[in-house]
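Asker: Following this message is one structure expressed as structure tokens.
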Amino acid sequence: MNKKKTILSALAAGLTLSTVLAACGGDDNEGASNGEGSDFKVAMVTDTGGVDDKSFNQSAWEGLTKFGEDNNLTENEGFKYLQSSKQADYQPNLQQLARDNFNLIYGIGFLMGEDIQKVAEQFPDNNFAIVDMVVDAPNVASITFKEQEGSFLVGVVAGLTTKTDKVGFVGGVESDLIKKFENGYKAGVMAVNPDATIDVKYAEDFNSAEKGTAIASGMYGAGSDIVYHAAGGTGVGVFTEAKNRKKNGEDVWVIGVDRDQYEEGLPENVTLTSMVKRVDTATYEVSKLAMEDKFPAGEIVEFSLKDDGVGIAETSDENVSADVLAKVEEYRTKLIDGDITAPATDAEFEEFMKTVK
């Protein structure tokens with residue numbers, strides 16, 4: 001089946017997601033049943049990072065919480081989450097929510113792709129949505145983001161702010177998804193500072209602060225003064241290392257991810273900026289569609305820079321100079337207008353580098 005892709009460009013003009021999808025011919029109640037008003041129930045399954053990971057899962061839950069509150073749903077009845085402590089928890093958690101007759105069930109993270117596929121087949125009368133993965137099923141909405149665009153912008157910040165011309169990137173699990181963060185970031189750095197070197201390492205874990213600390217220690221020790229992490233809970237360790245070094249007088253920075261992680265850098269003030277990925281907006285708006293019987297079943301729903309699905313944190317002006325922020329805005333416009341394209345893959349990055357002077 002060829003999944004329909006819904007590009008949410010009209011959000012930037014203030015339209016609601018449901019309006020955009022309706023204008024694009026979003027399918028009504030395709031292959032799944034929906035609820036309305038107080039009868040509607042929505043839930044999510046976290047990945048192993050947990051609902052308080054200060055990042056991806058937390059953002060998703062914040063979106064569902066706001067949706068529940070705005071629609072007078074009761075927590076744990078009308079909206080809830082089940083936490084996964086290990087990957088083996090994904091499928092039974094999804095199945096439990098389906099048996100409990102939740103109208104819409106989210107799997108948070110690409111690692112849940114196979115489990116969503118299996119459970120969606122087992123429960124064809126429930127709607128499912130997965131974040132950061134495309135699952136080909138008639139009752140699944142696939143929510144994706146152009147992470148490479150937001151990462152490009154924080155790369156511009158890093159490239160113009162570094163004093164050592166050395167910066168780092170810490171990834172969680174090496175995958176097509178995290179490669180989008182890596183390659184967009186590298187392109188942004190090189191676009192404004194072609195003399196820079198970029199140290200890239202993967203922890204192969206989204207939930208190991210210890211690995212994050214160890215990798216960041218090596219990067220800072222080797223001269224990188226800015227490290228961007230796309231590593232979930234592992235990124236907590238990057239902050240820990242930066243804070244300890246800042247206490248000892250070293251001028252180092254972290255670039256946060258998914259949520260505005262400014263507060264994670266306090267009190268030492270080590271958060272330079274964050275690449276904000278609006279998972280909260282996604283879970284809120286897709287839930288709204290489902291409740292209104294406009295669920296985008298079998299479709300890809302993509303959030304980009306153009307519709308504010310990704311971007312840089314509002315607190316960036318705390319530590320980023322006005323001149324650098326002006327350059328970020330310049331590149332933001334270029335990306336939205338299509339004058340440049342942020343690379344998502346290694347091959348696309350190699351092609352991008354041919355344009356760097």
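Asker: For the stretch 108-204, which whole-number percentage of the solvent-accessible area (1.4 Å probe, protein heavy atoms only) is attributable to carbon and sulfur atoms?
Answerer: Working: 1430 of 3000 Å².
It is 48 percent, rounded to a whole number.
Asker: Tell me, in nm to one decimal, what length is gained between residue 39 and residue 197 on full extension, where the rule is 0.36 nm per residue of separation less the Cα-Cα distance?
Answerer: Numbers: separation 158, 0.36 × 158 = 56.88 nm, distance 5.47 nm.
Taking 0.36 nm per residue and subtracting the Cα distance, the gain is 51.4 nm.
Asker: Moving to a separate point now. What net charge do the residues around residue 160 carry, taking every other residue with its C-beta under 10 Å from that of residue 160, with Lys and Arg at +1 and Asp and Glu at -1? Mind dumping the intermediate values first?
Answerer: On the way: positive: 327; negative: 323.
Result for the local shell: 0.
Asker: In a shell of Cβ-Cβ distance under 13 Å around residue 212, excluding residue 212 itself, what net charge do Lys and Arg (+1) and Asp and Glu (-1) give? Mind showing how you got there, number by number?
Answerer: On the way: positive: 54, 201, 211, 243; negative: 53, 204, 205, 210, 241, 264.
Here the count lands on -2.
Asker: A follow-up question, please. What FRET efficiency comes out for the pair residue 323/residue 222, r = Cβ-Cβ distance, R0 = 25 Å, nearest 0.05? Each step should come with its number before you reach the end.
Answerer: Numbers: r = 28 Å, r/R0 = 1.11.
Rounded to the nearest 0.05, the efficiency is 0.35.
Asker: Count charges around residue 147 for me, please; just the other residues with Cβ under 10 Å from its Cβ, Lys/Arg as +1, Asp/Glu as -1. If you can, show how the numbers build up before the last one.
Answerer: Working: positive: 146, 179, 180, 277; negative: 132, 149, 182, 258.
Residues close to residue 147 contribute a combined charge of 0.
Asker: If you fit an axis through the alpha-carbon atoms of helix 279-291 and take the longest principal axis of the Cα set of the chain, what angle between them do you get, 0 to 90°, nearest 10?
Answerer: The two axes meet at around 10 degrees.
Asker: Work out how much length residue 336 to residue 356 would gain on full extension: take 0.36 nm times their residue separation and subtract the Cα-Cα distance, in nm to one decimal. Before the final figure, lay out each step's value.
Answerer: Details: separation 20, 0.36 × 20 = 7.20 nm, distance 1.91 nm.
Residue separation times 0.36 nm, minus the Cα-Cα distance, leaves 5.3 nm.
Asker: Report the trypsin sites (Lys or Arg not before Pro) located in the stretch 73-145 that are in a DSSP loop and have at most 15 other Cβ atoms inside 10 Å of their Cβ, or state none. List each step's numbers first, then the result.
Answerer: Numbers: sites: 80, 86, 99, 118; in loops: 86.
Answer by residue number: 86.
Asker: Once every Cα of the chain carries one equal point scatterer and solvent is ignored, give the base-10 log of I(q)/I(0) from the Debye formula at q = 0.07, 0.12, 0.14 Å⁻¹, two decimals.
Answerer: -0.29, -0.83, -1.09
Asker: Rounded, prolate or oblate: pick one for the stretch 116-186, where a ≥ b ≥ c are the square roots of the eigenvalues of its C-alpha gyration tensor, a/c under 1.5 means rounded, and failing that, prolate if a/b is larger than b/c, else oblate. Intermediate results must be reported in sequence, preceding the final value.
Answerer: On the way: a/c = 5.33, a/b = 3.35, b/c = 1.59.
Cα axes put the stretch 116-186 in the prolate bin.
Asker: Counting other C-beta atoms within 10 Å, and keeping those with at most 11, which DSSP coil trypsin sites (Lys or Arg not before Pro) do you find in the stretch 142-180? Present the calculation step by step, with values, prior to reporting the outcome.
Answerer: On the way: sites: 146, 163, 166, 179, 180; in loops: 146, 163.
Those satisfying the criteria are 163.
Asker: For the stretch 281-357, just say rounded, prolate or oblate: build the C-alpha gyration tensor, square-root its eigenvalues into a ≥ b ≥ c, call rounded for a/c under 1.5, and beyond that prolate if a/b exceeds b/c, oblate if not. Spell out each step's value before the answer.
Answerer: On the way: a/c = 3.16, a/b = 1.52, b/c = 2.08.
The shape class here is oblate.
Asker: Just the accessible area for residue 112, please: 1.4 Å probe, Å², rounded to the nearest 10?
Answerer: 0
Asker: Can you send over the solvent-accessible area of residue 333, 1.4 Å probe, protein chains only, in Å² to the nearest 10?
Answerer: The accessible area of residue 333 comes to roughly 60 Å².
Asker: Gaussian network model of the chain, Cα springs within a sub-10 Å range: biggest mean-square fluctuation belongs to which of 249, 221, 68?
Answerer: Per the Cα network of the chain with a 10 Å cutoff, 249 tops the list.
Asker: Taking 0.36 nm per intervening residue step and subtracting the Cα-Cα distance, what contour gain separates residue 165 from residue 251 on full extension?
Answerer: Values: separation 86, 0.36 × 86 = 30.96 nm, distance 1.34 nm.
In short, 29.6 nm is gained.
Asker: Turning to a different aspect of this structure: Calculate how many DSSP beta bridges within the chain are antiparallel, expressed in % of all such bridges and rounded to the nearest 5.
Answerer: Just about 5 percent of them are antiparallel.
Asker: Return the calculated 222 nm mean residue ellipticity for the chain, to the nearest 500 deg cm²/dmol, obtained by summing -39500 (n - 2.57) across DSSP H runs with n ≥ 4 and dividing by the residue count. Mind dumping the intermediate values first?
Answerer: Numbers: 11 runs with 137 residues, N = 357.
Counting only the DSSP helices, I get -12000 deg cm²/dmol.
Asker: Looking at the stretch 61-160, which GluC sites (Glu not before Pro) are DSSP coil and have at most 16 other C-beta atoms within 10 Å of their C-beta? Working shown, then result.
Answerer: On the way: sites: 62, 69, 75, 77, 114, 121, 147, 149; in loops: 77.
Sites meeting the loop and neighbour criteria: 77.
Asker: In what sequence, largest accessible area first, do 292, 318 appear using a 1.4 Å probe? Spell out each step's value before the answer.
Answerer: Working: 292 65, 318 110 Å².
Sorted descending by solvent-accessible area, the residues read 318, 292.
Asker: Let me ask something else about it. Given axes a ≥ b ≥ c from the Cα gyration tensor, I'd like to know whether the stretch 227-357 is rounded (a/c under 1.5), prolate (a/b larger than b/c) or oblate. Don't jump to the answer; show the numbers that get you there.
Answerer: Numbers: a/c = 2.01, a/b = 1.33, b/c = 1.51.
Because a/c hits 1.5 or more and a/b fails to exceed b/c, the stretch 227-357 counts as oblate.
The values are calculated or read from the model by the stated rules, or taken from the named source; none is laboratory data. The model shown is predicted, which means the values in this text are computed figures rather than measured ones. When we count neighbours, we look across all protein chains shown, and the Cβ atoms used for this are built from the backbone with ideal geometry, even at glycine. The accessibility values were calculated without ligands, DNA or RNA, using every heavy atom of the protein model including side chains. Shrake-Rupley method; radii C 1.70, N 1.55, O 1.52, S 1.80 Å.
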